[in-house]
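Throughout, read-outs are computed from the coordinates displayed, never taken from laboratory work. These figures come from a predicted structure and were not determined experimentally. Here the Cβ positions follow ideal geometry from the backbone for every residue, glycine too, while neighbour counts run over all protein chains shown.
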């Protein structure tokens, strides 16, 4: 068979192209991008009237809520937790703190746990504070709802103040209780869950001593306005001097609840469920009922330390009791 000149030329071109391709370096086979395995910086910001409120995460801690919660049958508690997609024996619980920038003062509600839960648990407040655009030295005051370690443990480290320019505010009743070693003998010892309330006395002293030595601890009676638009509300029970803080600006209100809620999956539907962390469970339950009912009736914002981050939302009435409605993610609230 006679091959045309045109076909010969085409064959030669293909052969040349094949040879040239063989001389090129082999291109690598690209795999998927490597996984990052790190969470986004833990802060969320909104406006409350003229106040800027920023939720700042100290991280999370896993706790055996099935052992710590009481007031309902154990199987009912486990069911409530599982229905909320939590592992009853290892429930991952948020530790939230909150910045209030009034325009004149920068206030921090609670300080997280610091390193008191261990090296790799919680302790993220400082880095998340900076990610949110603030420095520890910018804080004018830390408002403690109470002095349990996951609320005051982030105040200091190795005897050094981590908020060098801040005054520490706590109710007089809270200071009188935790800073008096004689009260250690008045509280219950280790509970079946393993929690020992007595350890809180040493932890409170360790966190507060550097500020006490510097004359930076200020006590108050609840009901007073601590700063313009910021007042304290007595809510004893979880601890003897536990308080809420309320911020008000241009008719908008937000209450900072401390430890009114530890297990949102169980306690909104069943406010009578208590936790071993309570010093006085009966009073804590009473305060929780009052807080839920008041927030549902008046519709103000709530910021809670242990509701899933950012812990900001509303309480509404529900067919069973109450329900939590988390804040809708918004950019408009920054206007």
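As a proxy for reagent exposure, 78, 191 were ordered by neighbouring Cβ count within 10 angstrom, fewest first; the result is 191, 78.
Dividing the summed helix terms, -39500 (n - 2.57) for each DSSP H run of n ≥ 4, by the number of residues in the chain produces a 222 nm estimate of -7500 deg cm²/dmol to the nearest 500.
Sorting 73, 225 on the 10 Å Cβ count, fewest up front, what's the list?
Numbers: 73 8, 225 12.
Fewest-to-most ranking of 73, 225: 73, 225.
The distance linking region 285-329 with region 246-264 is 9 Å (Cα centroid to Cα centroid, whole angstrom). Shape analysis of region 69-160 based on the Cα gyration tensor places the equivalent ellipsoid semi-axes at 31, 15, 13 Å, largest first. Distance between the C-alpha centres of region 98-150 and region 169-243: 17 Å, rounded to the whole angstrom. Between 311, 123, 251, the residue with the greatest mean-square fluctuation in the GNM of the chain (Cα pairs under 10 Å linked by springs) is 251. Normalising by residue count, region 152-209 has a Cα convex hull of 90 Å³ per residue. Along the Cα-to-Cβ line of residue 158, 7 Å from the Cα, sits a label point; which residues in region 97-126 have backbone N less than 15 Å from it? Zone members listed by number: 115-116, 119.
To the nearest ten degrees, helix 199-213 and the longest principal axis of the Cα atoms of the chain are 90 degrees apart. Share of pairwise Cα-Cα distances greater than 15 Å in region 236-333 is 60 percent (whole percent). From the largest down, the chain spans 111, 48, 42 angstrom on the principal axes of its Cα atoms.
The ellipsoid that matches the Cα gyration tensor of region 110-265 has semi-axes, each √(5λ) in whole angstrom, of 23, 20, 17, with the longest given first. Taking every alpha-carbon pair in region 167-240 and binning the separations at 5 Å intervals from zero gives 3, 14, 22, 22, 18, 12, 6, 3, 0 percent. Taking all Cα pairs closer than 8 Å and separated by 6 or more residues, the relative contact order of the chain comes to 16 percent.
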